[in-house]
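The values are calculated or read from the model by the stated rules, or taken from the named source; none is laboratory data. For clarity, every value in this text was computed on a predicted model and none was experimentally measured. A quick note on method: Cβ atoms are made from the backbone with ideal geometry, for glycine too, and the neighbour counts reach across all protein chains shown.
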Amino acid sequence: MEQIPVVVRSDMTKFDASHSKPALRLLGRRGSAEAYALRDFLYRSGVPFEWIELFTDTQARELGHLDGLTDSRLPVCLFPDGTRLDHATIQQVCGKLGWLRAPSRSEYDLAILGAGPAGLSAAVYGASEGLKTLVIERSAVGGQAATSSRIENYLGFPKGIAGAELAARAREQALRFGAEILLLEEGVRADFGGGPGIGYLADGIHFAMRSSICASGAEYRRLNLPNEDRLRGAGVYYGAGASEAELCVHQTVVIVGGGNSAGQAALHFCARARKVMILIRGDGLKETVSQYLVDRILTAKNIKVLPHTEVVELHGDSMLDAITIRNNQSGDERVVNTHWLFLCLGGVPNTTWAVASHVLRDEQGYLVTGPDLKRYGISADIWPLEREPFYLETNIPGLFAAGDVRHGSVKRCASAVGEGAMAVTFAHRYLAHN
């Protein structure tokens, strides 16, 4: 019997295809890294869409007018106005949605690198207080927070809120106050000298900025195993994977990591998956996961926590088929059959650009700010002003850091939002005297 194509809405609930059509239909095959990248971006960006998973050549021909599952035109995006994008990319979809734009000004009062919680908070407070504000984001709005299925410890949302929804609300708020957001743009360097700084993007665009906030966040760490790059998006995923939960029905899901994002992901998946395994290197979850999550995880019948355990091998050709895990206390190894491995391994800060711009970083690459600058040997030759650096200010006057990218920051969504708002206050103080 032919397998029926899976049709999933962007809210990750199955539905009858006769229902009203959302903004976009995405057709692709299982194990496609390109399709996953699009699906994840659309989910994190709050774009309503249908994911139609094709299993046979017949389905590919009938639903997508393709030659078969191996047709190079997959994935295909279909828009309500009849537009069709073959072998669609995130860049093409953003262009069709009208999200790609260039800066409207040559100079801004405030430039913000990163549109995660810290960057969006800074954009809202900066723009609402009259600063000409520009936000540069290389991926989807919301950062890592947008991958979370639910944030339950954020003030004002007693029932929790999906990370993508929180990001969408913050984006709308920032735009309403007049902030400009450049998507799919990456900052490569900044020159800080006399007068406004100059920011340079990867596509050659540059602009002047009287003050700036780095809120570029962090990327999830990698396993650094053979096959990892090849299987990325085809069974190996980075982050909590909220966009994939409905596709894991009756499957075995493996989550690596011991933070809140891993704990929340496990609870999200366990409602659909047959079994969820959490692999951690430490003794247990209580040291790194909020107690309310620990209590739920321990009472969930289909979640199993494996302490002192890590992934040592990935198996699969075109898609992940299995992993080998090792208990680091006993040395025992075993193979776990799974197509779903989610890595929530903590962060590596996005600060490569800071090297060329002579911004001080700590040993792990996080930006050093405020009082911590003295501990890292700041001297008059790298701090030219008579006043002390402001609390969130880097060794470059007028350049501030907020959120996960900052040395010593608290890795929580609410903390990042607070730092974003606080950084704008310091930017005002800097601008008042420059």
Flagged in region 241-272 as outside any helix (DSSP H, G or I) and under 18 Å from Arg44 (Cα atoms), in numbering order, are Gly241
Scanning region 263-289 residue by residue, the ones that are surrounded by fewer than 17 Cβ atoms within 10 Å (Cβ to Cβ) and among the hydrophobic types (A, V, I, L, M, F, W, C) total 1
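Within region 348-355, does at least one residue satisfy the condition of being part of a loop (DSSP other than H, G, I, E, B) and either in contact (Cβ under 8 Å) with a residue 60 or more places away in the chain or assigned by TED's automatic domain parsing to the domain that holds Tyr238 (or both)?
Yes, region 348-355 has at least one match.
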Exactly one of Ser104, Ser149 is under 30 Å from Ile198 (Cα atoms), in a loop (DSSP other than H, G, I, E, B) and touching a residue at least 12 places away in the same chain (Cβ under 8 Å), and that residue is Ser104
**Message:** Among the residues of region 343-358, are any within 16 Å of Gly119 (Cβ to Cβ) and either polar (S, T, N, Q) or over 23 Å from the mean Cα position of the chain (by Cα) (or both)?
**Reply:** yes
| message | Please determine whether any residue of region 392-412 is assigned by TED's automatic domain parsing to the domain that holds Leu131, on the phi < 0 side of the Ramachandran plot, part of a helix (DSSP H, G or I) and not aliphatic (A, V, I, L, M). | response | yes
Here the residues within region 180-200 that are without any contact (Cβ under 8 Å) to a residue 60 or more places away in the chain and either in contact with a His (Cβ under 8 Å, 6 or more places away or on another chain) or assigned by TED's automatic domain parsing to the domain that holds Ser45 (or both) are Ile198, Tyr200
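Got a number for residues in region 182-232 being in a loop (DSSP other than H, G, I, E, B) and within 25 Å of Glu313 (Cα to Cα)? Steps first, answer last, please.
Taking region 182-232 and keeping what is in a loop (DSSP other than H, G, I, E, B), we get 184-186, 192-196, 202-205, 215-217, 221-227.
Filter once more, keeping what is within 25 Å of Glu313 (Cα to Cα): 221-227.
Counting residues in region 182-232 that are in a loop (DSSP other than H, G, I, E, B) and within 25 Å of Glu313 (Cα to Cα) gives 7.
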Taking region 365-380 and keeping only residues that are in a loop (DSSP other than H, G, I, E, B), modelled with pLDDT under 95 and over 20 Å from Tyr430 (Cβ atoms), one is left with Tyr376, Gly377, Ser379
Exercise for review: Please work out if Tyr237 is closer than 30 Å to Ile396 by Cα and hydroxyl-bearing (Ser, Thr, Tyr).
Suggested key: no
Taking first residues from region 48-72 that are touching a residue at least 60 places away in the same chain (Cβ under 8 Å) and second residues anywhere that are part of a loop (DSSP other than H, G, I, E, B), the pairs with Cβ under 7 Å that are 6 or more apart or on different chains are Glu53/Pro5; Glu53/Arg30
Worksheet item: farther than 30 Å from His433 by Cβ and aromatic (Phe, Trp, Tyr), is that true of Tyr200?
Response: no
Residue hits (region 222-236; under 17 Å from Glu310 (Cβ atoms) and in contact with a Phe, Trp or Tyr (Cβ under 9 Å, 6 or more places away or on another chain)) are Arg222, Val236
Going through region 84-105 in order, the residues found to be hydroxyl-bearing (Ser, Thr, Tyr) and in contact with a strand residue (DSSP E or B) (Cβ under 8 Å, 6 or more places away or on another chain) are Ser104
Just one listed residue, out of Tyr292, Tyr237, is buried (at least 19 other Cβ atoms within 10 Å of the Cβ), among the aromatic types (Phe, Trp, Tyr) and modelled with pLDDT of 90 or more, and it is Tyr237
Note on region 157-203: residues at positive phi and at pLDDT 95 or above are Gly178, Leu184
Of the listed residues (Phe157, Phe177), the one being surrounded by fewer than 16 Cβ atoms within 10 Å (Cβ to Cβ) and not assigned by TED's automatic domain parsing to the domain that holds Tyr36 is Phe157
If we ask which residues in region 84-98 are outside any helix (DSSP H, G or I) and either modelled with pLDDT of 95 or more or crowded, with 16+ Cβ neighbours inside 10 Å (or both), their number turns out to be 6
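For region 317-327, check the following and say yes or no: at least one residue is outside the structural domain of Tyr200 (by TED's automatic domain parsing), part of a helix (DSSP H, G or I), in contact with a Gly (Cβ under 7 Å, 6 or more places away or on another chain) and surrounded by 20 or more Cβ atoms within 10 Å (Cβ to Cβ).
No, every residue in region 317-327 fails to be outside the structural domain of Tyr200 (by TED's automatic domain parsing), part of a helix (DSSP H, G or I), in contact with a Gly (Cβ under 7 Å, 6 or more places away or on another chain) and surrounded by 20 or more Cβ atoms within 10 Å (Cβ to Cβ).
Kindly indicate whether Arg189 is in contact with a helix residue (DSSP H, G or I) (Cβ under 8 Å, 6 or more places away or on another chain), under 19 Å from Ala423 (Cα atoms) and charged (D, E, K, R). If you could, list the steps in order and put the result at the bottom.
Details: in contact with a helix residue (DSSP H, G or I) (Cβ under 8 Å, 6 or more places away or on another chain): yes; under 19 Å from Ala423 (Cα atoms): no; charged (D, E, K, R): yes.
Spelling it out, it is not the case that Arg189 is in contact with a helix residue (DSSP H, G or I) (Cβ under 8 Å, 6 or more places away or on another chain), under 19 Å from Ala423 (Cα atoms) and charged (D, E, K, R).
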Across (1) at pLDDT 95 or above; (2) buried (at least 20 other Cβ atoms within 10 Å of the Cβ), Arg44 clears everything bar (1)
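Just to verify a result, which residue in region 366-414, among those that are hydroxyl-bearing (Ser, Thr, Tyr) and touching a strand residue (DSSP E or B) at 6+ places or on another chain (Cβ under 7 Å), is surrounded by the fewest Cβ atoms within 10 Å (Cβ to Cβ)?
If we take residues in region 366-414 being hydroxyl-bearing (Ser, Thr, Tyr) and touching a strand residue (DSSP E or B) at 6+ places or on another chain (Cβ under 7 Å), then Tyr366 is surrounded by the fewest Cβ atoms within 10 Å (Cβ to Cβ).
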